[in-house]
Structures are given as structure tokens and as C-alpha cells.
1. Just to be sure I understand the model, the point goes 7 Å from the Cα along the line to the Cβ. What's the resulting Gln181 to Gln160 distance in nm?
2. With axes computed from alpha carbons, what is the tilt in degrees of helix 3-21 against the longest principal axis of the chain, rounded to the nearest 10 within 0 to 90?
3. Quick one: angle between helix 283-293 and the longest Cα principal axis of the chain, in degrees between 0 and 90, rounded to 10, please.
4. Going by accessible area, probe 1.4 Å, with all protein chains left in place, what is the ranking of Met292, Met69, Met325, largest first?
5. Percent of alpha carbon pairs in the chain separated by more than 34 Å?
6. Each residue of the stretch 29-45 in order: what ³J(HN,Hα) in whole Hz does its phi give by Karplus 6.51 cos²θ - 1.76 cosθ + 1.60, θ = phi - 60°, with x for Gly and Pro?
7. Taking only protein heavy atoms into account and a 1.4 Å probe, give the accessible area per residue of the chain in Å².
8. Note down the accessible area of Met285, probe 1.4 Å, to the nearest 10 Å².
Amino acid sequence: MTALDWYIYANSKLAEKYAFEADYDPEATAALRAAFEGFEANLTATYPGGFDFGNFTRRIGWELNNETMPLCLFRMKQCFPENFTHAFQSEYGNCYTFNSHHDEDSLSLQQTRPGAQQGLYILFDIQQAEYTELLSLNGALGVGIDFQIHSWYERPNVAQHGLGAGVGTAALVSMHQNELQNLAHPWGNCSNDRTLKHFPRYSRSGCEVECYLEKVLELCGCKPFSYPGNAVNCNPVDQVLCADPTIFKVASNFQKECGARCPEACQIIEYPPTVSYAPFPNYYMAQELASMYGTNANYASENLVGLSIYYKDLNNRLTKKNPAMTPSGLLSDIGGQLGLFIGMSTLTLMEFGEYIIFKIIQCCRKRKPKTSQSKGVANNVKVDESGM
């Protein structure tokens, strides 16, 4: 970084720190803009065509190349920086996505068997001596790599979903695929027909980004450098004192601002990871790496990170939401209940009618006279008693 780079970087971080500590209060933000008026004027004078924070970050940020990634293997075959796609992250600057595609038909790198040797292995050299993080500027305290596993069509969000691997360690990350199928209207609120301007497939995270982007463009006339689109990137002052407060305000009232337009996707694919760590490198490998880099054995433990990501199995775990009652099921249920109760009522009425008719017939029927045989029996009983 040149002296000018340091000047821009330090003032940008200071403005960000003060604005964050003030919770993006409008009065504090206005005071900060006045305080950094000279800085903004110097930027305009130095960059008459406009200062682009994206180009600045791309130039001075960590770059993935053959030097910073001395080893890359996928399914035991060499991979290259060309297999990675660059993306900006506002919290981290330059990020790189492996196996990123613009449509499903172009998937070219797939793991066909489970296990670490069939997955991705990367050896990073993070070049710790080039770090510019300072505690006074709210810099990151760790040293290593932050990474995230996500679907190819989703925008990475390392700050929220990222995992870490420090220098001097080898991270083993096993994963499997989870698929969740949500219900559309009228049982749920997911939608299959929604499309996004800057992403190939709908996802809630992508919709949130586009919602934030619209609000920032409307109020600030520029966009954060890490957001997609062809709009002009905000300069450091506009980024910190306009774009960031706008995003903070929208996020604080998200349901009102973006909730209705950003429902859950009908299909959500996730890759829950299981991470374990081991010391890296071993003694003999440290000696070999020291001779390769022309440094001492401590260089590996202070700068190198090993990362292995692989499927532990190739099963897809599907969670599918089903409606408790469909329209046809509801009609069938109602019809069955009505049929049961109506049938029982008709049968009961028929039985009551049959009972009444039977009683009427019984009452109207003439009784037969008593026979003499019964009298004789009574006399005989009387004679027997008198004889005793």
C-alpha cells in the first residue's frame, strides 16, 4: 500500500468505526460528514473521474493466485485460480468462489464418490506480513482463512455463515446435502415464479440484497461496492455515512421494508458442515516447505493453512412439507361425515316408524278367549289340595 492508500484506508475505517459506535444516528452521521469533508474533497481532487472502492479493494486486497495458493486439488487432480470466481464482501474485501456457475447445465466439477480424497483440497499462503488489520481501526483479530459452503446460485455471506481456519492448522470439513421443500399458497407463502435481477435463481438472501440495493440507490445515488449491478460504487464517505446507515435502517425494520417481497424459497438446499482441525504441517513437511519457500521452518506455521472440503456421503436428505388437508381431501371428509350422519338419521327414523306401526297393529289386534283346559287344571289342583 502506498501512502495515499493508507490515507484512504485509515480515514475510511475511522469513519466506519465512529458511525458504527453512534448506531448510525442521523445527527452523529451529519457531524461525521462535516468532519470528513476535507477527506472527501481530497478524494475528488485526486480522482477527478470518481473514486471506485471496488477497484481500490481489488488492487490492494488479498489476491488468489499461484503464489497465495501453491496447491489446489479436486478429486486428486490439480485445479487452478481460474476455477475460482471473484466476488466482493464488504466485511472482507476480495473473496473467491470455487465451482461457481451461472446455470445448472454448466456444472462441470462434481464429486462422484464420498471421502476426502474425492473432494477439494487447498493449501493457502495468507502472507501474514502483508496484513493491514489494526485494532484501533476495528480490524480483524484472527489470522487465517474464512470460508463458507453454499449453493452455486446463492450470494456468499461469509460474515454471517462463515467458518474459520487459522494458520498452522489443517481444517477437515465434511458435509452432506439437505433439501427443504416449502409449500406455496394457500398453505405457505413461498413462490416458484419469482425472479431476481442479479441472481440466476430466486433465494431469500438474494432478494434481501436486491431490496437493500434499491433502498441505497434511491437515497444515496450509489451502491456498496460489494453489491451486484452496474451502478456507480459509493466512495468511502458515501459508503459509511449514507449506504451503511440506510442498510442498518432497513435491516432494523426488515419485515415492513422487505418482508412481503422476500418470502422463503420453495426449494432450499443447504450443506451442513462438520469441521475438525489438526496441527499443520508435520515436522518433515515443515522442513520441505521451508526449502521450497527459502524461509525458516516457522514460516509454514505462521502463514500456511490447509483446507479440505468433501462429501461424507452422497445422499440427499429431503424434508418436504405436505398440506394437512387438500381441497379434495376436505370435500371427501365433509361428504363422508355427512353421508355417515344422514345415513344414521334415516335409519333411525325408519326404525321409529317401524316401531310405531308395530305397536298400532298390536293394539288393534283382537285377543283370543281363554280355553277350558286351563279351568280343568285349576280344578284338579283344588281337588288334590282338599284330598290332602
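1. 2.6 nm
2. Long axis of 3-21 versus the principal axis of the chain: about 30 degrees.
3. 50 degrees
4. Met292, Met325, Met69
5. Every Cα pair in the chain considered, those over 34 Å come to 52 percent.
6. For the stretch 29-45, the Karplus curve yields 5, 5, 5, 5, 4, 5, 5, 9, 5, x, 4, 5, 5, 5, 4, 5, 5 Hz.
7. Per-residue value: 63 Å².
8. Number for this one is 70 Å².
The values are calculated or read from the model by the stated rules, or taken from the named source; none is laboratory data. Note that the structure is a prediction, hence the values are computed from the model and not measured. For neighbour counting, all protein chains shown are included, and Cβ atoms are generated from backbone atoms with ideal geometry for every residue, glycine included. Protein only, heavy atoms only, side chains kept; ligands, DNA and RNA dropped before computing areas. Shrake-Rupley method; radii C 1.70, N 1.55, O 1.52, S 1.80 Å.
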